[in-house]
1. Does region 68-79 contain at least one residue that is surrounded by fewer than 19 Cβ atoms within 10 Å (Cβ to Cβ), within 16 Å of the chain's Cα centre (by Cα), within 21 Å of residue 217 (Cα to Cα) and within 13 Å of the ligand (Cβ to nearest atom)?
2. For residues that are within 16 Å of the chain's Cα centre (by Cα) and touching a residue at least 60 places away in the same chain (Cβ under 8 Å), scanning just region 97-112, find the one that is farthest from residue 23 (Cα to Cα).
3. Can you tell me which of 242, 225, 212 is closer than 27 Å to residue 319 by Cβ, modelled with pLDDT of 95 or more and of a type in the set (A, V, I, L, M)?
4. Restricting attention to region 304-314, does a residue exist that is more than 30 Å from the chain's Cα centre (by Cα) and either loosely packed, with under 14 Cβ neighbours inside 10 Å or free of Cβ contacts under 8 Å to residues at least 60 places away in the same chain (or both)?
5. Among 345, 341, 360, 372, which is under 26 Å from the mean Cα position of the chain (by Cα) and at negative phi?
6. I'd like to check which helices (runs of 4 or more DSSP H) are fully inside region 104-216 and have at least 3 residues that are in contact with a strand residue (DSSP E or B) (Cβ under 6 Å, 6 or more places away or on another chain) and more than 12 Å from the ligand (Cβ to nearest atom).
7. Just to verify a result, which residue in region 219-230, among those that are of a type outside the set (D, E, K, R) and touching a residue at least 60 places away in the same chain (Cβ under 8 Å), is nearest to the ligand (Cβ to nearest atom)?
8. What are the pairs with Cβ atoms under 7 angstrom where one residue, in region 203-218, is without any contact (Cβ under 8 Å) to a residue 24 or more places away in the chain and the other, located anywhere, is crowded, with 22+ Cβ neighbours inside 10 Å and part of a strand (DSSP E or B)? Sequence gap at least six, or different chains.
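The values are calculated or read from the model by the stated rules, or taken from the named source; none is laboratory data. Please read these numbers as outputs of a predicted model, since none were measured by experiment. Note that we place each Cβ from the backbone using ideal geometry, even for glycine, and neighbour counts take in every protein chain shown.
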Amino acid sequence: IGGVKIAKDDVVRESDPTNNVPDGIFSKLGLQLHRRDNHPLGILKNAIYDYFDTSYSTKFVKFDDLCPLVSVKANFDDVLVPADHVSRSYNDTYYVDANTVLRCHTSAHQAELLRDGHTHFLVTGDVYRRDSIDATHYPVFHQMEGVRVFSPDEWASSGTDGTTYAANDLKKALEGLAQHLFGAVEMRWVDTYFPFTNPSFELEIYFQEKWLEVLGCGVTEQDILKQSGRKVDVAWAFGLGLERLAMVLFDIPDIRLFWSNDPRFTSQFSEGQLGTKFKPFSKFPPCYKDMSFWINDSFTENNLCEIIRGIAGDLVEEVLLIDNFTNKKGMTSHCYRIAYRSMERSLTDEEINKLQWDVRETVQSKLNVVLRQ
Ligand code: PHE
């Protein structure tokens, strides 16, 4: 698509009941923040490129312009995500139709690139997930995937098996990357599970008095290589979230800022300058509105958040469940506190009241819940 905007009408059939992608999400397609060299995400992407170009034994081929609309097969089946995995649900993933999703991870491109014969590659792109709302979650974010394939002659003389060889190479490469980005930090490896790798690990670094998860990775499942015509080879793969890292590297306090066109944000970053500390332009006051209702069986927090984001856009900062109880009749009540705050200006009472009114009406009619107050 080459950074070209994708219009909803071009990909969604008017009547398709499967589509759960709201207009607000369609409006983000094609913006490609990771391809802007003066944007924190572009600066971080380029810094990771630099690391692999200068410190790794072989050069990686880079992709940062692959279309975010992918098949269900590419996003899930090809990377061995089980049929009953939650990530496949309509509550977690955006479906354009029954066979097409907005990719929920850059791993969606692994199998195809392997089939095309690539053995070293980095894929950067926008990814999409339905989720709750707070300072670190936004339904569109950016990931970078790395894959490196080894043929048997590469580990033959190492005295270890292919899996051990790949795992060691992976860990060394990623420890080097963390150092390149964060300097001399304490790190630890945590065992974890991904459907597409085995063994699987998470790398954490000790940063600003907390253990921070930096990325997920592992040795690629043999079936993925087999299906790509690479029966005798072994590979490693990693995936990292650019926003998560950029927020700590640049001191960016809220994930919505990445989407801001306000020059007071954009002018603070420039090409090649990794880790410039963001200076907040005075923090505007938040406004809290509570809303409680009796939920029904189909209620989910992701559906609620989607409605609120659809109405308030980037003016909503957080949606928090503050009370939850079930009465004697078995009815369950939830109370949510919605924080409204603009990153750019003060909001008026009138404007917030109108948003809240809209939210209440829409939540009631679309989610079929019964408002309590
Ligand atoms: N796709 C995983 C995620 O989105 C990250 C990952 C990529 C893990 C490759 C292992 C290997 O969380």
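1. No.
2. Of all residues in region 97-112, those within 16 Å of the chain's Cα centre (by Cα) come to 101-109.
Still in the running and touching a residue at least 60 places away in the same chain (Cβ under 8 Å): 102, 105-107.
Working: 102: 13, 105: 21, 106: 22, 107: 25 Å.
Here the residue is 107.
3. Working: 225 fails: closer than 27 Å to residue 319 by Cβ; 212 fails: modelled with pLDDT of 95 or more.
Of 242, 225, 212, the one residue that is closer than 27 Å to residue 319 by Cβ, modelled with pLDDT of 95 or more and of a type in the set (A, V, I, L, M) is 242.
4. So the first thing to find is which residues in region 304-314 are more than 30 Å from the chain's Cα centre (by Cα), and the list is none.
No, there is no match, as no residue in region 304-314 is more than 30 Å from the chain's Cα centre (by Cα) and either loosely packed, with under 14 Cβ neighbours inside 10 Å or free of Cβ contacts under 8 Å to residues at least 60 places away in the same chain (or both).
5. Being under 26 Å from the mean Cα position of the chain (by Cα) and at negative phi holds for just one of 345, 341, 360, 372, which is 341.
6. Details: elements: 110-115, 152-156, 162-182.
Those helices (runs of 4 or more DSSP H) span 162-182.
7. Residues of region 219-230 that are of a type outside the set (D, E, K, R), as a first pass: 219-220, 222, 224-225, 227-229.
Add one more test, that the residue is touching a residue at least 60 places away in the same chain (Cβ under 8 Å), and what stays is 220, 224-225, 227-229.
Details: 220: 8, 224: 10, 225: 13, 227: 16, 228: 15, 229: 20 Å.
Per the criteria, the residue is 220.
8. So the pair list comes out as 204/214.
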